[in-house]
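The values are calculated or read from the model by the stated rules, or taken from the named source; none is laboratory data. Everything quoted here is computed from the prediction, not taken from an experiment. Virtual Cβ from ideal backbone geometry, glycine too; neighbours counted across all protein chains shown.
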Amino acid sequence: MIYPGLVSITFRQLKTHEIIELVKRSGLAAIEWGGDIHVPHGDIQTAERVAKETKQAGLRVAAYGSYYKLGVSEPDLKFEDVLNSAVALNAPTVRVWAGDKASKSVSEHEREKIAEDAKRCAKMALKAGVTLTLEYHGNTLTDSTVSAQQLMAEIGHSSVCFGWQPPNLRPIDECEDGLRRVMPWLNTIHVFHWADNGQGKIDRRPLSEGAECWIQYLKLASCTARDHAALIEFVRGDSTEQFLEDAEVLKSLIRECCNMY
């Protein structure tokens, strides 16, 4: 099934209890907790507290959104600390980044280093009962479908998956094709709608304006026969009211494609 939630870094200005109350009010089911502010990397006490409060609110932890960059972060940020936080949070998966450069700019040696670190982290995560989710993002090795597929072949580990999101300002058919190609590794989905403002910049828009796109993406995701968290990330004006509106849209889209919520 597909279940809806929120990426906590959407509201970095809010405290963890405020985010929990907001998600509960919205009728969504889950939270991906960020590792930069809300559940800092290596802060086990905070992770355990947030895990308890999330569960008591009747919500699930969808993921631990870390800022660990494969092949780059060590030794300043140790994956062991990230993983320990994820385990304390009761997160089923930990999000990491596939390096910090665009795929076209990465040397063969750098690519090998990223893949090797992914294998190491995946092995550690598997022992802890956690999967590894690669952020599908620009300026990483997942910035194109071709590079993302190649990276999965290079890693070759069954517990590594993708947290997919549509590339900015790309045609819907291109986004659909990209999603279809990475569906074997699909885990979480980050949900937002951005549009060109006509002045060379991107504006955050209400999710309702992207409903036509998102119903197609969610229908595709529902075909995997696996569970996926569809998580709202970034809302217009960083507004909690806009989030509540977007949450209603997301639940409606999930009802339409999965007969849920």
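Of all residues in segment 1-19, those that are among the hydrophobic types (A, V, I, L, M, F, W, C), buried (at least 21 other Cβ atoms within 10 Å of the Cβ), farther than 17 Å from ALA86 by Cβ and in contact (Cβ under 8 Å) with a residue 24 or more places away in the chain total 3. Within segment 134-143, restricting attention to residues that are surrounded by 16 or more Cβ atoms within 10 Å (Cβ to Cβ), touching a helix residue (DSSP H, G or I) at 6+ places or on another chain (Cβ under 9 Å) and not hydrophobic (A, V, I, L, M, F, W, C), the residue that is farthest from ILE189 (Cα to Cα) is THR140.
Of the conditions (1) in contact with a strand residue (DSSP E or B) (Cβ under 6 Å, 6 or more places away or on another chain); (2) modelled with pLDDT of 95 or more; (3) among the aliphatic types (A, V, I, L, M); (4) more than 29 Å from ALA122 (Cα to Cα), ILE202 fails just one. Which one is it? Status for ILE202: all satisfied but (2). Right, ARG255: among the charged types (D, E, K, R), modelled with pLDDT under 95 and part of a loop (DSSP other than H, G, I, E, B) or not? So ARG255 fails the test. Every condition in (1) in contact (Cβ under 8 Å) with a residue 24 or more places away in the chain; (2) within 18 Å of the chain's Cα centre (by Cα) is met by SER26 except one, and the failing one is (2). Please indicate, with yes or no, whether at least one residue in segment 172-195 is more than 30 Å from ARG120 (Cα to Cα), surrounded by fewer than 21 Cβ atoms within 10 Å (Cβ to Cβ) and of a type in the set (Gly, Ala, Ser). Yes, segment 172-195 contains a residue that is more than 30 Å from ARG120 (Cα to Cα), surrounded by fewer than 21 Cβ atoms within 10 Å (Cβ to Cβ) and of a type in the set (Gly, Ala, Ser).
Residues are listed down the side, and each one gets a yes or a no for (1) free of Cβ contacts under 8 Å to residues at least 24 places away in the same chain; (2) part of a strand (DSSP E or B); (3) buried (at least 17 other Cβ atoms within 10 Å of the Cβ):
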| position | (1), (2), (3) |
| --- | --- |
| ASP36 | no, no, no |
| GLN45 | yes, no, no |
| LYS52 | yes, no, no |
| TYR68 | no, yes, yes |
| ASN84 | no, no, yes |
| VAL87 | no, no, yes |
| GLU110 | no, no, no |
| ALA118 | no, no, yes |
| ALA125 | no, no, yes |
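Counting only helices (runs of 4 or more DSSP H) that fall entirely inside segment 143-235 and contain at least 3 residues that are farther than 30 Å from LYS113 by Cβ and of a type in the set (Val, Ile, Thr), no element qualifies. Please verify whether LEU59 is surrounded by fewer than 22 Cβ atoms within 10 Å (Cβ to Cβ) and closer than 21 Å to ALA221 by Cβ, treating the condition exactly as stated. Yes; evaluated as a whole, the condition is true for this residue.
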